[in-house]
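This report concerns only the one structure given below.
The numbers here are math on the coordinates, done by the rules we state, and not lab data. Since the model is a prediction, treat every value here as computed from it, not as a measurement. Please note: Cβ atoms are built from the backbone with ideal geometry, for glycine as well, and neighbour counts cover all protein chains shown.
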Amino acid sequence: MHTETINHAIVTLDVALPGIVWGWMITLNLWAKSIATGTVLVGGFLLARYSEDNLKGLKNILPVVAFIFLNIFLLFTLLDLHQPFRMINIFLHPHFTSAITVGAWMATVLTGIIAFMSFLVIIKKETDGIYNTLLKAAIVLAIPVTLYTAAIMGEASARELWQTPAELIQMALAAFVAGSATLAFFSGSWTKDAKRDLAIILAVSAFLSFIMYMGEYYLSFKSEEAEATLAYVQTGGAYHTLFWLGQVIGYILPFFIAIGAIRNGNGAMLKLAAILALIGLFIAKHVWLIIPQLLSLS
């Protein structure tokens with residue numbers, strides 16, 4: 001019976017999809033996910049290091065910001081699907097050998113935890129032990145949620161530029177850049193030491209992100225196909241200017257500005273670094289998402 005079914009299979013599509021398949025929606029997806037998970041990770045670190053009096057409002061801000069951006073992340077994931085209602089099959093008929101399935105389950109559970117934390121904040125119960133327990137669970141889940149898309153990109157056929165080990169590091173660094181940058185906007189009443197730590201996280205993660213991109217840009221030796229892909233940014237191609245714009249705005253300038261904020265404790269400088277980092281992160285992620293898709297899969 002199985003043999004008969006196979007023999008009667010109908011091929012509906014046997015050619016490569018032309019053009020860009022993963023566009024700005026996926027870039028926004030990655031960007032929002034980095035903000036959500038980064039806010040949890042960086043906020044959790046600061047709450048473990050300092051008392052609530054030194055971080056006024058952070059326990060209220062953390063779940064609300066994370067909840068908003070997690071839902072943006074999930075919304076644009078859903079909108080990008082050709083058949084959004086099929087998403088329900090991930091939960092009704094899950095196959096946990098798929099990175100997409102595992103990631104969807106973890107992201108959904110994380111969103112539920114963050115939603116409950118937001119509820120506790122709204123009803124003014126944020127200081128209860130339940131909140132702290134939920135925060136620990138959120139931190140544990142935020143790590144694989146921010147990393148799992150690296151596995152999806154690494155599985156993409158003929159996209160040699162997206163190597164899972166390198167993408168894992170990039171995803172983690174993006175979370176710390178985005179998380180520290182986002183929390184910088186709410187750090188006005190925090191102590192000088194807390195602001196300094198936030199600036200250090202932003203500076204270090206921006207610097208390491210830049211180093212990772214430069215390693216891929218100059219030092220990695222790949223197939224001829226991947227080298228042809230990199231030519232879109234290395235030899236003055238269509239994305240050459242946009243690539244370097246993302247590097248300068250997202251990593252180089254925030255690094256030096258954050259270093260200045262560390263030295264003099266200037267909150268305005270930290271917020272400027274944060275704005276540039278968030279804008280540049282979106283640009284850098286978009287270029288790195290698009291350029292491998294410019295090469296024909298045939």
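Just to be sure I understand the model, the point goes 7 Å from the Cα along the line to the Cβ. What's the resulting N132 to I152 distance in nm?
Rounded to a tenth, the inter-label distance reads 3.6 nm.
What order, most packed first, do the peptides 54-60, 109-115 have when packing is the mean number of other Cβ atoms within 10 Å of each residue?
Order by mean packing, descending: 109-115, 54-60.
Exactly which trypsin sites (Lys or Arg not before Pro) in segment 108-213 are in a DSSP loop and have at most 16 other Cβ atoms within 10 Å?
When the trypsin sites (Lys or Arg not before Pro) of segment 108-213 are filtered for loop state and at most 16 Cβ neighbours within 10 Å, K124, K125 remain.
Calculated FRET efficiency, I123 and I200, Cβ-Cβ r, R0 41 Å, to nearest 0.05?
Step by step, r from the Cβ atoms, then E = 0.75.
Structure shown: which of K33/K136; K59/K285; K136/K285; K136/K192; K56/K136; K33/K59 lie over 22 Å apart, alpha-carbon to alpha-carbon?
Result: K59/K285; K136/K285; K136/K192 exceed 22 Å.
Suppose each label sits 7 Å from its Cα in the direction of the beta carbon; what would the A238-K192 distance come out to in nanometres?
For the pair A238/K192, the computed spacing is 5.2 nm.
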